[in-house]
Every structure is written in structure tokens, then in C-alpha cells.
Amino acid sequence: MEKFKITFYPENKVVEVDKGSTLLSCAISAGIYINSSCGGDGVCGRCKVIVKKGSVLTQPTGRISQEERKKGYVLSCMSTVQGDADIEIPPESRLGLDRISVYTKAEEAEKGKSVIGEDIFIHSPLATKLFLELSVPNQADRISDLERLYREIGKIKEMPIMQTGLANIRRLGELLRSSDWKVTVTLGNRNGTTEVVLIEPRDTSAKNYGVAFDIGTTTLSGQLVDLNTKKVIGTKITYNKQATFGADIITRIIYAQKEDGLEVLHHAIIDGMNMIIKDLIDEHDVSLYAVNCCLCAGNTTMIHLLLRVDPTFIRRDPYVPTASFVPVIRAAEAGIKINPRGLLSCVPGVSSYVGGDITAGVLSCGMNTTEKLTLLIDIGTNGEIVLGNKDWLICAAASAGPAFEGSGVTCGMRAVKGAIQRVSINPKDFSVKCETIGNVSPAGICGSGYIDLLAELLKTRAIDKNGKFHSDKKNKRVRQGEQGMEFVVVYKEDFDLNLDIVITEADIENIKRAKAAIFSAASILVKHMELDFSKIDQIFVAGGLGTYLDMDKSIIIGLLPDIEKSKFSFIGNSSLVGARQALLSLDAFNKSQEIAKKMTYLELSVDAAYMDEYVAALFFPHTDKTRFPTVKI
Amino acid sequence: MLKELAQEKWSGKINSINIGATKEEGGSRTSVVKIGGQATLPFIFNDGDIPHRPVIAAEVWDIAPNDWSSTLNSELEDVYSDPVSWSKKLIDEFKVDLICLKLQGAHPDLGDRTPTQEVKLVKDIISNVGVPLIVIGCGDDSKDNLILPACTEATKGEKCLFGSAVQDNYKTLVAACQADGHNIIAESPIDINIAKQLNILIHEMGFGLDKIVINPTVGALGYGLEYAYSIMERARLAALTGDKMVAQPFICFSGPEAWRAKEAKASIEEHPEWGKELERGVIWEVLTSATFLQSGADILVMRHPKAISTVKGYITKLMEIK
């Protein structure tokens, strides 16, 4: 087949591709990630690129305006290569994976806060290092090298079932003698047994690290942890590169069924994880070989894709996953680059649509140990709700979309430095005051920023309760934009930005749908147990929304139920915290298994009342105002 | 032995609305149509007051319809070209309570009639007929936002009923009706939540809840009729238990919906086993309309004179139970 050269700007990256390849797939092979919520079906219009030079065959689409067409804009998924070409990728089409712009230090909320305290679980990490000084064999003590090793381990730790792989046994005799019987063994907790994972000469026991991951549909968060001291060394967040293949899990599962689809999605995850690991160890001067284990919490689909297990059956009736409880495996088997003999473990999930991320969330907020009736609301692309206490747990999942994670909205971004997270609007002249994470100049808006912004737009009556802008001569910030009516949050001139930071009616619609999905799921779950919100003793709100969450404003927009504010706590990324706890403690990991087994799953899609509840929640704060008695807008 | 029927005690009631204004009231109508005010479910006279009977509005277009069934054409074709005679025929011969003028010809694809043309027509009808008027836009949002305010202004004081305000386009019409003292139709797509949301939105603009009529959107017999029924029933139950945001009278476009059904339109040649289309179409419109009377319709918009007469007789009989 004919090959052509495609050059992507401004990276100046050149790839050689077959004639007829889509520009979207060319960009991916050049390592450039482009927005594409629909997974390349030409529907979402987010993958626009500019053809600077060369020959490209593009299908007609209503997603490109006349003006854009003149400038050479095309949808990259609907355009195929016919010759050499120069392609520019405009900033709005980028998935924001640039390390500089998005890939900054994780803020407190992204890391998550532990509710129950770090010391509740016995310190017994997934991988332990022991320095051993073995006695030298002699006529009186002639047991084998391996038994000698076990004997020495047994003096320090109580470990009844031991196993060692053949590779380690083969090296053992020579290694013990050449290192003068002074070695460090790495022991791994592997499915109820203890494995000698690694034997190294000399004392390296001080250097024992692990990584905990929260693998979200939209976001990937990783944390490097010192397994000896339980200290968090560093945290990194990036977008899940799979977003190029669809915004939600269903589109991804469909993509996985395409030729090479599973392989491509699997690589998108592990590439992101390996990038985070590499950056964390480089930044903190940790050797790759000192990272001995990896513990992941993620939704069921993400865990399937991480392990390169076909997720097809997750979306086919009766929605059964291939595995919810994944045995501990070698990280290298899944393509994770840590110590080649290091281990990979996953927090167990409940069902196809309630994964280990929510089990980890329950673990970290401790709702499974308290008498108090607790509601956990995890605001992610897949919103998850858990209700219960130490005696029972019931959960539901709602497809909320990625709006609160800053994706699928015009100026959305992760809760990282530069994200607007607090907003106030002056009702007299509609002037806006913003506060960004890190108090730097604004780059975009994160989840808690959108919540603040919407509440303020409602309070100042800039929008109606359906989320549409009122025309008001006093409000100069409302204008007709390219995508309909919009409100200017920050003028570019004020901070020397490339573009104004705006919120459009379409953004508001996205956020409205997300909040409606979450609120109605919580409300159905509570009704299902014949309770109402007033009976709940405490509510934990989780998710990477920002470093803070204004509960009043979350209630004004109808995201959270209108009950006593003191009952709410915002706990950030609870899934990552739970993953870290399971990494640091076998006890915690075992608890997570208990939680997953105990939790009942309520399928909302078969609940006739859910759709009705959802439409009723598609209003600010809600169609039934009596459910939000304190909201005065 | 049970001596009395169990009685429901409702705490709420449906808003009363007057459509049309007489000379004394600042308009020029010879009659005023009063609807709403019920304190009970449809025709359950035992549980509460039903002050007004349901009314029938005849649908009249500004342009001659070219896709109506031959059954309708055989009765109305001679008046299609003149909406004033069309209106008069149905008022004089079939005693309809109101005229529902649909400005279909304003649609950019169906003639693109100008605001001036439509205003002239509305004024013609106002000066030639005495019954109150319902005016419905063409369904193209931006065009409706041009023609409807022109028509509300031209009929100021007549207390007409204008439609339709929808969730994504209600502000212009609400402001126009507010300024010129008309009532408004709030249309929602067979969804009680959206019906309520729209009423809240309209009310938040300062428009009186007692000047709104809900068009819940209905389907004809065989086309989701029972679904529309249950939505209307839910709204009524909510209103009667005190929810003021859904306590509005209903307008049901039973005629236009019935005549969309292929069972109403198809000729006997196409479906010999279905019987004569002349009777079939009328029966379809009558059954659809009768069902919505039982669901709580306050205004029925209808097309065929024979169906109108039949349903009118049916209403009289239902009201006699009292």
C-alpha cells in the first residue's frame, strides 16, 4: 500500500502512514492525543484539525462551520490521507495530555483525604523487604539454601505458606555465596501465600516502594508510596489517554471489539500509568527496581482493559464481567514497568458497573465500620452511590459523564494548578471574582469551579432554572458565541490568555445532566431502602472536583440533597486513598474483599422510576422544589 | 350495606381561565369561554365542583392544507382558501366554542408568510367572528418569535390564547402575552416533569399561573394515547393534592393527532378490510377526543364537523350526569 508522510504541528512530529488512514489514527500513532468523545464516529465534532498543506479526503459534516471550513478545519476522524500533508492541531482539540499544561502536582483533593485515619490497618504492605544475614552452612547445619532462607525469614516474620519461583531458586546458590550470605528478600502477599519475589545482594531494605493507582474513565491518578514508612512520596494525575477512543465506558467497550481495539485501549492505559510511574521515580530519585508492587482501583471496565481482558460481556445482558476479584499477578504481565518481578493487585469490584474504585472508596471512608447511616457519593464519569453502614451496603451506578472532571465542557480542566475553583458574581454588574488552585492565573475551570459558577449564575438570575441565559442588557458578559449563548468568566486580556474562559449553554446542559444523574441515583437508592435523605447521618462526597467543595452551592444546583450541611464531608479522591491503604496493608486489602462481597448492587436501568426521577432532576435545583426547602433562587 | 360512595377530599383545584374579552372587558368578543376550576377528577361530580364544561375549538389554517385526508377535504375544501369563511362555517353550522388559528403558512418551508400577512389575517378573523381565538405558531422557533409578538400586539385586549411556549423557546412569547394581556399555551413532550418545569420558568418571568394552559402533547388512538392519558392523570392528581405548578387546564390537539394516524387517512382501496374511510376517520377523531375528555381535557382542538358534532353531544351527556 502507498505510504505518505504526515507532519503534525506545532510538535513537528512526522509519521508515515498508509493511504486512507484517518488523521485521528495518524495523530495517535504520532503519540498526539486528540479529543474524541464519540470514538471516531464523526458525531461529537471535538477532533477538529487544520489541514495546512497536502491532500486529504474529508466527508461533509455539520460540525464544521463555514468560517472554519475556509480556514482548513476538518474532523480528523472523518478525513483520510491521500498524500503527504501538514496538519495543525489546535489547542481546543487536544486532550490536554501535555505534561506542562495539565500534568502538574496533584492538589490535596485529588490525592484524597482519609476519613478513618492511616493507622487503623495493620502495616503489612503488598511487598515487604527483609535484610537477612544467614548463618554459613557447616557440617552441623546442612539444610538447603532455600530452607535456610525460609528459616531466617521465619525468625522475623510469621509466614506459614511460602513459595518461590524457579528463576529465584536457580540463582539462589550462587547469589547467597557471592554476597557473603547477606541478602535482602522481597516478600509479596500473593493470594493467601507469601512469595519470595526477589532476592538481592546486600541490604536494600530501606528502599521499598509501591505505587497506588486510581484508574478512572477520564482520569488516571498515581501515587508513589514508601512501603516502609507509609509516606506518600508524590502524586501525579493525567487524563486517561483512552478518551481519544470515546468519553464513556460503553463507547470504549464498543471500541475494544474493533480490530486491535483491545490492544490499543490496553496500551493507552498502561502508557499513562508507566508515564506517571517514570515521572514519579525520576522526580524523587527512586530506582525502578525499588518499586516492587502496584495496587490499582478502577471501575470494572478499566481493570479489564488494564489486564487486556475482553470487556465485551460487561455491556451484554445479563452484564457479567470476566473477573471482579483479580488474583495478584506479576506487574510485567500487564505491561506495567516496575521491578520486573514486582506484583500487581487490584481492589475487587462488585459488578460490571460498580468497580474496585468504589470498594476502595468505602474502605477509605470507613462507612463499613460505623453504626451511622452513611451515604457515599463518588462524582466521576460513572457516578457511584453507596448507602449503608457496618451491617449492610447497597450501591448503584449512574452514567454522569465527565463534566465534573473538566472534560466534555468548553473550558474544563482537572483540579490542578490554574483551575478556577471558586467563583462569585456581583448581581449588580455581573462582574466575576475567581479563585484558582495555587492562586495563579486561570487556565480553565474544574468541577468545583463549575458548581460555584452555576450556583452564582442562578443566584444572579443570569440563567433560568433550565440553564438557559436570560437576555439582560446589564449583563455584558452574556454573548452569542460559536456554540450558542455563552457567559464570559474571564476575559483573555485580563490574564494574557489565548482565549476567553467561557461557559456555554451546552456546558450547562452537560453539567445539568451530570448532576441529575447523580442526584436521581442517590434519591432512588434511598427510596429503594424506604428511607429519605433526612434519615442519613453522614454524607461523604468523593471525586477529583477541586481542593474544596462548597456544599451550599452544590445544594443550590441540586447535585446534593438539601439536608444539614454539617453532615457533609468532601473527601476528594477516595478511590486513590483506598488503593493506597490496600497497598500498605493486607488487612485493608482483605477488608476490601469483604466490602465487595457484602455490597448489594441495584441496577438503575431496570428501575422504572429512575427515568422519571432523572427528568425531574434536570432542573435547578429540582422540579419538585419542596425537596430543596432551603434553596432560595 | 354500603350506603354512600366513598368520597375523595381534594385539597387543590384547577385554575379557572377566561379566554376572550367582551366589549365591556376591553375586547370585542360576543362570547367568553370559561374553563378550569375543577375540584375533582374528570366527571366525578360527587367529589367536587366542575364549574365548566369542556369546550371545542375548530382548527383553521392560514393556508389551504394540501396533505389533509379526502374525508376532511370533502367537508371543508370549499372554505380552505378563506380562513374567515372556514371559521364562520364551523361556528355557525357546528357551534364550536372557539377558533384555533394555526399560522402554518408562516413556516419557511410552507410559504414563509410575513408577520404583516399574518397580522392582517388575525385582524380579519377578529372582526368577522365573535368567538374567542386561539392562535398557534408555525413551529419554527425563530419565525414564531417574529409573527407571534406581532399578532399578540394586533389583538391586544382580546384575551386570546397563544401558543406554543416550549422549554427551549418560551421567553419571547411569554413577554409578548404578558404585555398584551393574553393567555399562553405551555407545551411539553408527554412529560409531567417538563410540563411543570416549563410552568415554573414561565411563572418566574412574572407571568400569572392562572393564565397558562398546558398542552401535554397527546397521541391518537393506537399512537400512545394511553401514555398521554397517564401523564394527564398524574398531573391532575398532583394538582388536586395541592401542586399549583401543574394546576392548569389542558388543551388537547386530539383532531390533528387523530388525522395523522394512517387508520384515519388510508383509503378503502389501500385497506379494504378497514371499511369506508369516510366513517373511519371520523370515528378515529371521536374516539381520540372522547378519551382525552376522560383524561381531563378542557379544550379539544378538532377538525371534522361530524366528529365535532358527535363529541359535542357526548360532552352534553357527560355533563348531564351531574
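Does B:Ser81 satisfy being closer than 24 Å to B:Arg29 by Cβ and more than 14 Å from chain A (Cβ to nearest Cβ)? No; evaluated as a whole, the condition is false for this residue. Residue pairs whose Cβ atoms lie under 9 Å apart, separated by 6 or more positions or on different chains, with the first residue in the range A:69-90 and farther than 19 Å from A:Lys13 by Cα and free of Cβ contacts under 8 Å to residues at least 24 places away in the same chain and the second assigned to a strand (DSSP E or B) and among the hydrophobic types (A, V, I, L, M, F, W, C), are A:Lys71/A:Ile50; A:Gly72/A:Val49; A:Gly72/A:Ile50; A:Gly72/A:Val51. Kindly indicate whether any position in the range A:555-573 is touching a residue at least 24 places away in the same chain (Cβ under 8 Å), touching a Phe, Trp or Tyr at 6+ places or on another chain (Cβ under 8 Å), over 26 Å from A:Thr235 (Cα atoms) and not in a loop (DSSP other than H, G, I, E, B). Yes - at least one qualifying residue is present in the range A:555-573. If the condition is being in contact with a Leu (Cβ under 7 Å, 6 or more places away or on another chain), assigned to a helix (DSSP H, G or I) and among the β-branched types (Val, Ile, Thr), then the range B:125-160 contributes B:Ile125, B:Ile126, B:Ile147. Of everything in the range A:425-472, what is charged (D, E, K, R) and either in contact with a Cys (Cβ under 7 Å, 6 or more places away or on another chain) or away from every other protein chain (no Cβ under 14 Å) (or both)? Give them in sequence order. Those that are charged (D, E, K, R) and either in contact with a Cys (Cβ under 7 Å, 6 or more places away or on another chain) or away from every other protein chain (no Cβ under 14 Å) (or both): A:Lys428, A:Asp429, A:Lys433, A:Glu435, A:Asp452, A:Glu456.
Among (1) within 14 Å of chain B (Cβ to nearest Cβ); (2) within 25 Å of A:Asn299 (Cα to Cα); (3) crowded, with 17+ Cβ neighbours inside 10 Å, where does A:Ser585 come up short? A:Ser585 satisfies every listed condition except (1).
Does A:Thr229 satisfy the criteria of being of a type in the set (Val, Ile, Thr) and in contact (Cβ under 8 Å) with a residue 24 or more places away in the chain? When the stated conditions are applied, A:Thr229 does not pass them.
Selection of the range A:460-514 for residues being of a type in the set (Ser, Thr, Tyr) and closer than 20 Å to A:Lys625 by Cα yields only A:Thr460. In the range B:188-210, the residue that is nearest to the other protein chains (Cβ to nearest Cβ) out of those that are within 20 Å of B:Ile299 (Cα to Cα) and crowded, with 22+ Cβ neighbours inside 10 Å is B:Lys196. Against the list (1) buried (at least 23 other Cβ atoms within 10 Å of the Cβ); (2) part of a helix (DSSP H, G or I), the condition B:Ala220 fails is (2). Taking the stated definitions as given, is A:Leu576 part of a loop (DSSP other than H, G, I, E, B) and touching a residue at least 40 places away in the same chain (Cβ under 8 Å)? In short, no. When B:Thr116, B:Thr71 are screened for being without any contact (Cβ under 8 Å) to a residue 40 or more places away in the chain, of a type outside the set (Asp, Glu) and not in a loop (DSSP other than H, G, I, E, B), only B:Thr116 passes.
Please work out which residue is surrounded by the fewest Cβ atoms within 10 Å (Cβ to Cβ), limiting yourself to the range B:246-281 and to residues that are among the polar types (S, T, N, Q) and not in a helix (DSSP H, G or I). If we take residues in the range B:246-281 being among the polar types (S, T, N, Q) and not in a helix (DSSP H, G or I), then B:Ser267 is surrounded by the fewest Cβ atoms within 10 Å (Cβ to Cβ). Scanning the range A:144-164 for residues that are in a loop (DSSP other than H, G, I, E, B), under 22 Å from A:Arg202 (Cα atoms) and not basic (Lys, Arg) yields a single hit, A:Ser144. When A:Tyr209, A:Tyr255 are checked against the criterion of being touching a residue at least 24 places away in the same chain (Cβ under 8 Å) and more than 29 Å from A:Lys591 (Cα to Cα), A:Tyr255 stands alone in meeting it. Residues that are surrounded by fewer than 19 Cβ atoms within 10 Å (Cβ to Cβ) and part of a loop (DSSP other than H, G, I, E, B): does the range A:169-178 have at least one? No, the conditions are met nowhere in the range A:169-178.
Looking across A:Leu453, A:Leu499, one residue alone is buried (at least 24 other Cβ atoms within 10 Å of the Cβ) and either modelled with pLDDT under 95 or within 29 Å of the chain's Cα centre (by Cα) (or both). It is A:Leu453.
Does B:Ile231 count as farther than 24 Å from B:Cys160 by Cα, within 12 Å of another protein chain (Cβ to nearest Cβ), outside any loop (DSSP other than H, G, I, E, B) and not basic (Lys, Arg)? So B:Ile231 fits the description; yes.
The values are calculated or read from the model by the stated rules, or taken from the named source; none is laboratory data. Worth saying up front: this structure is predicted, and the values here are computed from it rather than measured. Cβ atoms come from the backbone with ideal geometry, glycine included; neighbour counts cover every protein chain shown.
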